[in-house]
Amino acid sequence: MFVRNCWYVIAWDHEVPADALFTRTVLGEAILLYRTADGTITALRDRCCHRLAPLSKGRKEGDCVRCGYHGLLFDATGRCIEIPGAETVPAKARVQRYPVTVKNKWVFVWMGDPARADLALLPDNFSCDSPEWDYVPGYMHYETPQPLICDNLLDFSHLSYVHEKTLGGSTAIAQARAEIEAVPRGIRVTRKVHDVPPPPYYRAVRELAGNLDRWFIYDFVLPGTLLMHSGGRPIADAEGDMRRAVRLHSCQTVTPETETATHYFFQQSRRVEEGDHAIAEALYQSLLVAFEEDRAMITAQSRAIEADPAAPMMLLAMDAAVVRFRKLVAETVAAERVAATPSPIQPARDARSIA
Amino acid sequence: MFVRNCWYVIAWDHEVPADALFTRTVLGEAILLYRTADGTITALRDRCCHRLAPLSKGRKEGDCVRCGYHGLLFDATGRCIEIPGAETVPAKARVQRYPVTVKNKWVFVWMGDPARADLALLPDNFSCDSPEWDYVPGYMHYETPQPLICDNLLDFSHLSYVHEKTLGGSTAIAQARAEIEAVPRGIRVTRKVHDVPPPPYYRAVRELAGNLDRWFIYDFVLPGTLLMHSGGRPIADAEGDMRRAVRLHSCQTVTPETETATHYFFQQSRRVEEGDHAIAEALYQSLLVAFEEDRAMITAQSRAIEADPAAPMMLLAMDAAVVRFRKLVAETVAAERVAATPSPIQPARDARSIA
Amino acid sequence: MFVRNCWYVIAWDHEVPADALFTRTVLGEAILLYRTADGTITALRDRCCHRLAPLSKGRKEGDCVRCGYHGLLFDATGRCIEIPGAETVPAKARVQRYPVTVKNKWVFVWMGDPARADLALLPDNFSCDSPEWDYVPGYMHYETPQPLICDNLLDFSHLSYVHEKTLGGSTAIAQARAEIEAVPRGIRVTRKVHDVPPPPYYRAVRELAGNLDRWFIYDFVLPGTLLMHSGGRPIADAEGDMRRAVRLHSCQTVTPETETATHYFFQQSRRVEEGDHAIAEALYQSLLVAFEEDRAMITAQSRAIEADPAAPMMLLAMDAAVVRFRKLVAETVAAERVAATPSPIQPARDARSIA
């Protein structure tokens, strides 16, 4: 059960080619992306309305896409405008179009009622496209349900154990208490850790001699997006003094491919004034190692759950953010269902109607 | 749901060795084929009646087959004639025998009531064994349901798109209107295309300078067999003048392995008087490329359907033959069910009884 | 449906390392094994009670195991003794502990009610740890249900066919009549075969010129353990004269990994006074070949059953031991269920409660 009235990241902007078709599945629906002549991305259901062949097996013709099976031609709104051998095209011959937008290099699709697609609901992934921040874009595929990855991102106590030799470096992270507060469509988690050794991956950014005070401050918002300021500062330095600090900003989001598989888009940005792009490359390589650590653990956890789906988790104090976010998702899904229930007098609009 | 009172092609004649066991699954039933001393093929359920081990894991002993697990010996009628360590063999110790026949190099098994097996229902696959026709026999395996492949063969408009660079070569094929008429247990489809460039694969047969008139005339009969005359003639030549024409005959049939996988047997024959066997080899190689194009498209379509089995197809004018054949299958399956329903007075015979 | 109040072999003693974690699944439950400082093996559910990650992805710390996800620390009884960041540990924070014991190099876990774990129910696998017997320990994994492997071991008539060129060597084995008698929690099968050629694998033990009298005398006990004396003696020699005989003892046991996969632990021992360890190595290599023959046949049988689960087996005289053992399993499972049914007055204890 996933929230539908939501923007989901379907791709990095650079993944969608200038003159070819791109397909990726979101919430179990294969979605075709391509660019019209002005570079704008269109998002259509990747399934011909005729015999259900994927349109991505066809070809782009100008601003249209032609099905590679029997040649139906669809325009960028999803309307069929040509059926080979037929003189007219039925009005119902069309494929679903999804609201789509690009913000700061992330391509978002709206998976719910198109009439409710609202750009104000986009997350503030500013560091993905800022002259002040520098990064290498990342993508991973998980063969696990998306909520398990949200859980992981909502509880950084795992840094001390999963990432002991990469992002963590101290059990003090797990021992620190995280502050949680509400933000629109999500929560803010603040975790500060005092007087700890620099984590191994900071070496990619700069040499650090002594212990640090570290901070992780992030919003985690629907449908599963983390927006985080983090960093570390020599303990001798004053709180506002960033001259010897490591300062990072990270944007990460997890998009369900299906009920059991997930797309993971991520970046960890460094300040441009602190060195050249090689630092961003080194950070990215460290992050890949760490995110493989996560994927190995979450995949093992997921297999254990599959083997015995009724096994209960035992939620602890450290799970406060997990519990709050799961509750938010459940309430949002429930509210969408209520809204989608037809009233006895006025029939509800078809939730699958075309944009 | 498949028609059962029907001959299904299980193998090419040359696939069944002279003195060894051969197994292939049809309609979900593993079937053992082997030849008795006179070369006749016998077809038995490939499953020992004792503990269900495949007989094909055993060995041929004269005209019998011995189970490789505990040594039960079955004769060519499926009767058990020896149980090691037992003095007598129970009469019920036998495996199902299927009516089997060979016609023009195709080995057919009858999957329904043996009492109704009727050689008159075999298709006229004459070019598979004719001094006038020459071909290379083909086989492919599909991981898709059989009806999707029937759909493909019933609508040649796909030649313009799936086979643009192989069998097609012109969008005029899709634009041409196919004539459909009834034949016993199937339909006849006639498609004529005027003044089009020769399709790329005709080069295997002969050099053709200008445009052609092309024709495709085929019967498509239960359970999924295509028998087709096709060809192309320079537009300047009179309709009966075949001197510069390409003339082909093709026999193709799709046999369900299970509900979700299919055997595809095919050949495309050329006239022997028009050149040597190298032409048939070249045609076969072209056909393999084209049939891979089909398999890639149909497999993609099948995966899209699996992901959302309730999605409706939107049938168009081009689907007239598809619709008529699907209706014929549905009616035939329904009629078999009615016939199999026991009357209140006289119990029906066991549909699975042994031949 | 498996018997639960039973010792199942989970590993060979040498498989559990001195200072690391070992995991294997039994009856669908992943079980963590490790050794405490004194070498004793502890067996815990390999699943953290917190978010269900496998503890085997964590690490051993002294006599404890720390979860690699969020750092919970469990002692060798399964009790959680540390939750990072929490001052207290809830009493219910623990993982299931299984009774575990080692006897003659086999590590056994008790999968039922811990209060009923009874060392007297361990099988007499004496040759696994005896100065008089020498062997190489074996392990195979089957992708088939465990009962099909029990069936195989309960009916040695298959030696004549599956193992014609390895363990068998004569159809007389299948023709011999097996005597069956009851033993505690199982049956005893005695099969004697007169005046047959030595089986090919006896060559590993000694050169034998003429025919032999062979014997196979084994107990087959719950949950699926074979304990067998077997051998062969030149027909000219008197029954008690072992000077030119081959004498073997074998311990084999099949442990369900899940409903559809199985662990197979085995050894075939030779008398130490009859030669050096190279003989045991040669016997082991022969056995591997033969057990691959079994696995191929049982896997093929299992696939045939999966394709048509309702197909009935036709039990014959040779299946007497199969039928008796299957009946014993069914009765034992049924009796466990009756015992587990809560009475209307006194609620039954939780079958999944912690040891």
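Every read-out reported here was derived from the displayed coordinates using simple, explicitly stated rules and does not represent laboratory data. Every value quoted in this text rests on a predicted model; they were computed, and no experiment measured them. Virtual Cβ from ideal backbone geometry, glycine too; neighbours counted across all protein chains shown.
Some points to look at:
- For the segment B:168-178, counting C-beta atoms of other chains within 10 Å of every residue's C-beta and taking the mean gives 2.
- Rounded FRET efficiency, nearest 0.05, which uses the C-beta distance separating C:K165 from B:D276 and R0 of 45 Å: 0.40
- Spatially proximal aspartates and glutamates relative to C:K192 (Cα-Cα < 14 Å; intrachain offsets below 8 disregarded): C:D155, C:E179, C:D213, C:E239
- Sequence-separation-based contact order of chain A, relative, with Cα cut under 8 Å and 6+ spacing, percent: 18
- Figure legend: label point modelled 7 angstrom from the Cα of B:F126 along Cα→Cβ; residues of the stretch B:246-274 with amide N under 18 Å from it are B:247-252, B:267-274.
- Three principal axis lengths of the protein assembly as shown [C-alpha, angstrom, descending]: 98, 97, 59
- Shielding by partners, peptide C:110-121 (average Cβ within 10 angstrom, other chains): 0
- Cysteines (scope chain B) whose Cβ has no counterpart Cys Cβ under 4.7 Å: B:C6, B:C49, B:C64, B:C80, B:C128, B:C150, B:C251
- Distance between modelled label sites at A:T260 and B:H194, nm, 7 Å Cα→Cβ extension: 5.6
- Cut-off 13 Å, label 7 Å out along Cα→Cβ of C:E179, residues of the stretch B:68-109 by amide N: none
- From the alpha carbon centroid of the stretch B:264-300 to that of the stretch A:1-66 is 34 Å.
- Hydrodynamic radius of the stretch C:210-355 per Kirkwood, over alpha carbon pairs, in Å: 19.4
- In terms of the mean number of neighbouring beta-carbon atoms within 10 Å, the peptides A:3-9, B:293-299 order highest first as A:3-9, B:293-299.
- Separation of the C:T101 and B:R206 label points, Cα + 7 Å toward Cβ, nm: 8.9
- Relative compactness, the stretch B:126-331, computed as alpha-carbon Rg over 2.2 N^0.38 Å: 1.01
- Listed pairs B:K57/C:K165; A:K165/A:K327; A:K60/B:K327 exceeding 26 Å between Cα atoms: A:K165/A:K327; A:K60/B:K327
- Taking the stretch B:18-59 and dividing mean pair separation by its residue count, relative contact order in percent (alpha carbons under 8 Å, at least six apart): 32
- Calculated FRET efficiency, C:E15 to C:R59, Cβ-Cβ distance, R0 = 22 Å: about 0.75 to the nearest 0.05.
- Distance in nm between pseudo-label sites at A:R116 and A:E143 (7 Å out along the Cβ direction from Cα): 3.5
- Residue mean of other protein chain beta carbons inside 10 Å, A:196-206: 0
- Qualifying aspartates and glutamates (Cα of each under 16 Å from Cα of A:K92; at least 8 residues distant if same chain): A:D75, A:E82, A:D350
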